[in-house]
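Any read-out appearing in this document is the output of simple, stated calculations on the displayed coordinates, not a laboratory observation. Only a predicted model underlies this, so the values are computations on that prediction, with no experimental measurement involved. Neighbour counts run over all protein chains shown; Cβ positions are idealised from the backbone, glycine included.
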Amino acid sequence: MSCLILIGMMGAGKTTVGKELARRRKLRFADCDHEIVARTGVTIPTIFEIEGEAGFRRRETQMMDELTLEPDIVIATGGGVVIAPENRALMRERGVVVYLNVPPQILYERTRHDRNRPLLQVENPRQRIDELYRQRDPLYREVAHIIVDGGRTNPGTMVRLIEDALKKREQSTCRP
C-alpha cells in the first residue's frame, strides 16, 4: 500500500492521527493544508479572503493530485476535499481512504476556539458544523475504504483501529 489518505471533518484528528500512523508505519506524512500554506506562503484564511473558497479548492485539488502520486505516504486532507468529484475519484483510485468519523458535538468542542478555520468564522459555528457534517458525511462514506468511528478516543487508539482495519483489508484482498 503506497498511499493512505485520511478524510473527515475539521477537528476529526486527521493531522494528529496521520502523523502517528506515518511514524508507526515508517511512511512520509503530509498535511494537504500545510503543504498549500508552505507553497503559497500565506495562511488558509488569507487564501479564502483573496481567492474565495473556489480558489482554495482549486489549489487543494492540485495538491491532492501531486501528493497521491507519491509512494509510501500518509496524507491528512482538508475537511472539504470530498466536495469536488475529481478529488473523490482521485483518492479512491490512488490510495486507501480512511474516514475518521467524529460526532459534530465533539468537532465543535475541538474547533470552537480555532481562528484558522474560515468556514467557522460565522455567528453560529456549532450550527455550521452540523450543516457541514450533514452535507459531507455521505461523501466521506462514498469514498472511504475504511470508516473509523472516533470521538472521545485518543489518537493512539484511533491509529490502532486503523491498523487493525488495514490488516483485515490486506488479508481479505490477498486470499486466492
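For the chain, list the DSSP H helices whose alpha carbon atoms reach 18 Å or more along the long axis and whose average Kyte-Doolittle value is -1.0 or above?
44-67, 155-174
Quick query: amide H of Ile147 versus all other amide H atoms, modeled in the peptide plane; which residues come in under 5 Å with a sequence gap of 5 or more or a different chain?
Placed amide hydrogens put Tyr99 under 5 Å from Ile147.
So what's the net charge close to Gly151: Lys and Arg +1, Asp and Glu -1, counting the other residues with Cβ under 12 Å from its Cβ?
0
Given Cβ point charges of +1 (Lys, Arg) and -1 (Asp, Glu) and nothing else, what value in debye, to the nearest 20, does the dipole of the chain about its Cα centre take?
My answer is approximately 600 debye.
Just grab the label-to-label distance for Ala89 and Glu51, each label 7 Å out from Cα along the Cβ direction, in nm (one decimal).
Placing both labels 7 Å along Cα→Cβ, they lie 2.1 nm apart.
Quick one: grab Rg to one decimal and Dmax as a whole number for the stretch 1-105, Cα atoms only, in Å.
Using the Cα atoms of the stretch 1-105, the pair Rg, Dmax is 13.1, 38 Å.
Using alpha-carbon positions, what is the distance between the centroids of the stretch 36-68 and the stretch 124-175, in Å?
So the two Cα centres are separated by 24 Å.
Wrap a convex hull around the Cα atoms of the chain, take a quarter of its surface area, and give that in square nanometres.
One quarter of the hull surface, i.e. the mean projection, equals 9.9 nm².
Treat the count of other C-beta atoms within 10 Å as a stand-in for reagent exposure and order Tyr99, Tyr108 from fewest to most.
Tyr108, Tyr99
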